[in-house]
1. Which one is farthest from T69 (Cα to Cα) among residues in the range 42-51 that are open to solvent by 60 Å² or more (accessible area, probe 1.4 Å) and either assigned to a strand (DSSP E or B) or not hydrophobic (A, V, I, L, M, F, W, C) (or both)?
2. Condition test on L18, is it at pLDDT below 90 and over 20 Å from K88 (Cα atoms)?
3. State all residues of the range 27-41 that are under 20 Å from K81 (Cα atoms) and open to solvent by 20 Å² or more (accessible area, probe 1.4 Å); if no residue qualifies, say none.
4. Among the numbered criteria (1) open to solvent by less than 80 Å² (accessible area, probe 1.4 Å); (2) in contact (Cβ under 8 Å) with a residue 12 or more places away in the chain; (3) among the small types (G, A, S), which single criterion is violated by G6?
5. Quick one: how many residues across the range 9-26 are surrounded by 11 or more Cβ atoms within 10 Å (Cβ to Cβ) and in contact with a strand residue (DSSP E or B) (Cβ under 7 Å, 6 or more places away or on another chain)?
6. Taking the range 53-90, which residues are in a helix (DSSP H, G or I) and surrounded by 12 or more Cβ atoms within 10 Å (Cβ to Cβ)?
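The values are calculated or read from the model by the stated rules, or taken from the named source; none is laboratory data. From a predicted model like this one, the values you see are computed outputs, not experimental measurements. Here the Cβ is made from the backbone with ideal geometry for all residues, glycine too, and neighbour counts use every protein chain on show. The protein model used for the area step is the full one, side chains on, heavy atoms only, and it has no ligands, DNA or RNA in it. Shrake-Rupley method; radii C 1.70, N 1.55, O 1.52, S 1.80 Å.
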Amino acid sequence: MEGSKGCVIISNKDGIILGSREYEIASEGIKETCQYGHSFYGWAVVERIEEVHGAVYIFVDQALALIFTAESLELINFKVKFLDAINKHM
């Protein structure tokens, strides 16, 4: 069998994948906004929420999660309120 060549793709530092984001938790779902646009995830697509080492992962698909790092949640000091707001809509 012939070997296949792989390639490595690195995201732009401040691009659409790794750039900063703002989130709005609403009764309809979660709105994610970055400098290039926005996305909306209705509560019906949230499959599960996991907390790992202080970070919160909100899975909106098997292979896609909104990730809130422990550092970012500590900075704004509202992790408990954040989780309560999300669980209220689940």
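1. Among those that are open to solvent by 60 Å² or more (accessible area, probe 1.4 Å) and either assigned to a strand (DSSP E or B) or not hydrophobic (A, V, I, L, M, F, W, C) (or both), it is E47.
2. The answer is yes for L18.
3. Once the filter is applied, which keeps residues that are under 20 Å from K81 (Cα atoms) and open to solvent by 20 Å² or more (accessible area, probe 1.4 Å), the range 27-41 yields S27, E28, K31, E32, Y41.
4. (2)
5. 5
6. The answer is A70, S72, L73, K79, F82, L83, A85, I86, H89.
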